[in-house]
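> I have a structure I would like to understand better, so I am pasting it below and will then ask my questions one at a time.
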Amino acid sequence: MASPFSRVESFAPILQEPIWHQRRELEASPVEFWDFHRHAFTLDSGAWTILTIHWNLCMGTISSFLSERPDLLPLLQALERFDTCGEFLLTELGHGLDVRNLETTATHQADGSFVLHTPNPRAAKTMPPSSPHSGMARTAVVFARLMVAGKDHGVRPFIVPLNDASGAMCHGVACTLFPARPGAKAIDHSSTSFRHVTLPAEALLGNLHGSPNDERKEFMRAIHRVTVGTLCLSTSNATVLRVSGCIAGRYSAKRRVGAPKPVPILSFSTQYGPIARTLAHAVVFDKYATEATQLFIQNAGSPDMQNVIAGAFKATVIEYTQKALSELVERCGWQGLYAHNQISEVWLAEKGNSIAEGDYVVLCIRLASEILLGRYAPPKPRDPHCLLARHESGAWDEARQIWASLHGGHRGKEFNARLLPLSLPLVRATGQRMAYEAAKDAMVHGDDRGLSVTPQVLALYESTCMMEDQSWYVESGIMSRRALLNRDVDAMNSMLPLLEGMINDPAVNAFVTAPMVDQDRLAAFFSSLPSFRGPETERFQAKI
């Protein structure tokens, strides 16, 4: 079966796909949509960011209203053709995850129109790109408080043109460009404000009037694409880990130290260890991404379960990716610090994904709190006796015991002090177990989609997860610290015979542009840099 990498060596085939069709939700869209999010980030994180906002957030939100608003189809078709670039303006300078409290207003007028207004600087929309620098028109889904006859009807989405193809901002729309983010490919992140912008009646997505319960339902429906984004953006991490591990591995195989018989730095455990763990996690997370996507689609009617699936996946893969890439940068020395060698660039770019579509720590706080309150539960382990499932169960049991001993409820000071810091480790324990199950099932059933799972890969992944919380395994009487260490060394040693093949996987070649992996490429790179030379030194020959 063709590698999914081969399908995304260029964006062109994806851009030509008929992703959108009338009355079809994105979750049921072709596999190309999900493959784009999983694999294209490493090629160009800037283009990837623009396209995921355009497809998932803007078009996804508008299309969810298409069954009751067939008049929206021409706009969706224009977005599909990229006649206009779609944006999604939800968060504000003063309101991030507390978007229910945002301050932008859309006031209903007697003639049925609306007036969109930013009442103060804190209400400026941040940070999707909205400038005319793209050289094309931009249209946004903008969230604002719907005011009707002086009454607040909650936060609702509106379709708002931002600028036209000539570069002119629309009447009453202002954009302030942010400085460039370090590391990430440059795009025009901005703050956007509105000064008494008149919108037609059809700009509103959804009903004008409704009960308070309807308002909450409408709001959750309108921001549903954010939950989709929580998952699909995070699936990029498996590819990022794979490519970064290969870059660090290829560099380490060529870099030699010592005299008179220099050896590759890859021969040292402090070098091959981080690289092998990174590549093992890339394989496991690849299978986890496939399974999480399927579970997400299957739970389309259960937003709470979708939040659990997306939140656990994001927390697990993002946290590991950040730690792993930081270490790989260091293991590549001074060359790892430079964006042209890719690892530091994707590391910093992925930091944006840790915040986009929900800061993963805050997502964990919500998930852990609501699970402890019994409002819902994560998927049950397939094998409750496996080590990672036992760890998950033990971690949650301990948290429930702490919760039972506290006073003041889940919004009290004791909950804040004692349980909020456990939110990430709790959700991560669930995600690690789910990732292990997904990879093990793929190995047992011979799933040939994506990367191949081997017993060595699975053992190293499991051991790495266990080493992150050694005290629990010791306290629970499962094994001693020495036994844990020996088990981890054995898992690493069993992985080493596979490492060369994983590092030099030809399917990754199209994604690797780092000069440091090849001496000829590195020489060509340095020869292209600006150089400054002093005058030649005169040579004198000694006379006898």
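> In terms of solvent-accessible area of protein heavy atoms at a 1.4 angstrom probe, what is the ranking of 526, 511, highest value first?
526, 511
> Leaving out ligands, DNA and RNA but keeping every protein chain, what accessible area does residue 118 have, in Å² rounded to the nearest 10, with a 1.4 Å probe?
Residue 118 exposes around 20 Å² with every protein chain in place.
> Next up: Each residue of the stretch 169-174 in order: what ³J(HN,Hα) in whole Hz does its phi give by Karplus 6.51 cos²θ - 1.76 cosθ + 1.60, θ = phi - 60°, with x for Gly and Pro?
Each residue's phi maps through the Karplus curve to give 5, 5, 4, x, 9, 10 Hz.
> For the stretch 307-370, what does the alpha-carbon gyration tensor say about shape, rounded, prolate or oblate, given a ≥ b ≥ c as the root eigenvalues, a/c under 1.5 as rounded, and a/b over b/c as prolate?
prolate
> Taking a probe of 1.4 Å, how large is the accessible area per residue of the stretch 164-220, in Å²?
The answer is 59 Å² per residue.
> Quick one: accessible area per residue over the stretch 342-440, 1.4 Å probe, rounded to a whole number of Å²?
Per residue, the stretch 342-440 has 46 Å² of solvent-accessible surface.
> Also, quick follow-up: With every protein chain present, what accessible area does residue 97 have (1.4 Å probe, heavy atoms only), rounded to the nearest 10 Å²?
Counting only protein heavy atoms, residue 97 exposes about 100 Å² to solvent.
> Which whole-Hz couplings ³J(HN,Hα) result when phi for each residue of the stretch 386-401 is put into the Karplus expression 6.51 cos²θ - 1.76 cosθ + 1.60, θ = phi - 60°, listed in order with x for Gly and Pro?
5, 4, 6, 5, 5, 5, 4, 4, x, 5, 5, 4, 4, 5, 5, 5
> List the residues of the stretch 99-128 whose backbone N lies under 17 Å from a point placed 7 Å from the Cα of residue 195 along the Cα-to-Cβ direction.
Of the residues in the stretch 99-128, 105, 115-125 have backbone N under 17 Å from the label point off residue 195.
> In the full protein assembly as shown, how much of residue 360 is accessible to a 1.4 Å probe, in Å² to the nearest 10?
Surface open to solvent at residue 360 totals about 40 Å².
> How far is it, in nm, from the label point at residue 110 to the one at residue 168 when both lie 7 Å from their Cα along the line to the Cβ?
Spacing of the two 7 Å Cα→Cβ label points: 3.0 nm.
> If I model a spin label as a point 7 Å beyond the Cα along the Cα-Cβ vector, how far apart are those points for residue 380 and residue 101 in nm?
Label-label distance for residue 380 and residue 101, simple model: 3.9 nm.
> Ok, one more. Hey, can you find the accessible area per residue of the stretch 23-124 for me, probe 1.4 Å, expressed in square angstrom?
Per-residue value: 36 Å².
> How compact is the stretch 470-544 by the rule of thumb for globular proteins, expressed as Cα Rg over 2.2 N^0.38 Å?
Taking the Cα Rg and dividing by 2.2 N^0.38 Å, one obtains 2.33.
> May I pose another question? State whether the stretch 272-323 is rounded, prolate or oblate according to the following rule on the C-alpha gyration tensor (a ≥ b ≥ c being the square roots of its eigenvalues): a/c under 1.5 gives rounded; otherwise a/b larger than b/c gives prolate, and the remaining case gives oblate.
oblate
> A follow-up question, please. Amide H to amide H under 5 Å from residue 162: which residues, 5+ apart in sequence or cross-chain, H placed 1.01 Å off N in plane?
138, 139, 140
> Expressed as a whole number of Å, what is the distance separating the alpha-carbon centroids of the stretch 400-419 and the stretch 427-446?
The stretch 427-446 and the stretch 400-419 have Cα centres separated by 31 Å.
> Considering Cα pairs under 8 angstrom that are at least six residues apart, work out the relative contact order of the stretch 238-370 and quote it in whole percent.
Dividing the mean separation by the residue count of the stretch 238-370 yields 25 percent.
> Please work out the FRET efficiency for the pair residue 304 and residue 533, using the Cβ-Cβ distance as r and a Förster radius of 60 Å; give the result to the nearest 0.05.
Computed FRET efficiency for residue 304 and residue 533 comes out at 0.35.
> Shifting gears a bit: Using alpha carbon centroids, what distance separates the stretch 313-365 and the stretch 214-243, in Å?
Between the Cα centre of the stretch 313-365 and that of the stretch 214-243, the gap is 18 Å.
> Moving to a separate point now. Positive end of the dipole of the chain, charges at C-beta (+1 Lys, Arg; -1 Asp, Glu), about the Cα centre: which of 457, 531, 166 has its Cα farthest in that direction?
531
> Going from most exposed to least, what order do 194, 525 have by accessible area with a 1.4 Å probe?
Ranking 194, 525 by accessible area, largest first, yields 525, 194.
> Can you tell me how the stretch 128-257 classifies by the Cα gyration tensor, rounded, prolate or oblate, using a/c under 1.5 as the rounded cut?
Taking the square roots of the gyration eigenvalues as a ≥ b ≥ c, the stretch 128-257 is oblate.
> What fraction, in whole percent, of alpha-carbon pairs in the chain exceed 42 Å separation?
In whole percent, the long-distance tail amounts to 27.
> Taking only the Cα atoms of the stretch 385-521, how large is their convex hull per residue, in Å³?
Per-residue hull volume (Cα only) is 181 Å³.
> Could you give the nm distance between label points at residue 481 and residue 417, where each point is 7 Å from its Cα heading toward the beta carbon?
Taking the simple label geometry, residue 481 and residue 417 are separated by 2.9 nm.
> What's the extension gain from residue 217 to residue 445 if we count 0.36 nm per residue and subtract their Cα-Cα distance?
Separation in residues times 0.36 nm, less the Cα-Cα distance, equals 78.0 nm.
> Where the accessible area of the chain is counted over protein heavy atoms with a 1.4 Å probe, how much of it, in %, is carbon and sulfur?
Ligands and nucleic acids excluded, carbon and sulfur reach 55 percent.
> How big is the gap, in Å, between the Cα center of the stretch 39-92 and the Cα center of the stretch 277-296?
One Cα centre to the other: 26 Å.
> Output the Cα-based Rg and Dmax of the stretch 244-382 in Å, rounding Rg to one decimal and Dmax to a whole number.
Over the stretch 244-382's Cα set, Rg and Dmax evaluate to 18.9, 66 Å.
> On C-alpha positions alone, give me the angle between the axis of helix 269-298 and the longest principal axis of the chain, in degrees, nearest 10.
Roughly 30 degrees, rounded to the nearest 10.
> A further question on this structure: Give the residue list of trypsin sites (Lys or Arg not before Pro) in the stretch 142-204 that are DSSP loop and have at most 15 other beta-carbon atoms within 10 angstrom.
Listed in order of number, the matching sites are 195.
> Rounded to the nearest 0.05, what FRET efficiency is calculated for residue 261 and residue 334 with R0 set to 25 Å and r the Cβ-Cβ distance?
E(calc), rounded to 0.05, equals 0.50.
> To continue, here is another question. Return a whole-number percent for the relative contact order of the chain, with Cα pairs under 8 Å and 6 or more residues apart as the contact set.
RCO, the chain: 13 percent.
> Just to be sure I follow the definition: excluding the sites themselves, where is the longest run in the chain that has none of the GluC sites (Glu not before Pro) in a DSSP loop with at most 16 other Cβ atoms within 10 Å?
Maximal segment without exposed cleavage sites: 69-467.
The values are calculated or read from the model by the stated rules, or taken from the named source; none is laboratory data. Quick caveat: nothing in here was measured; it's all calculated off a predicted structure. Positions of Cβ are backbone-derived with ideal geometry, glycine not excepted, and every protein chain shown enters the neighbour counts. Quick note on the areas: whole protein, heavy atoms, side chains included, nothing else; ligands and nucleic acids left out. Shrake-Rupley method; radii C 1.70, N 1.55, O 1.52, S 1.80 Å.
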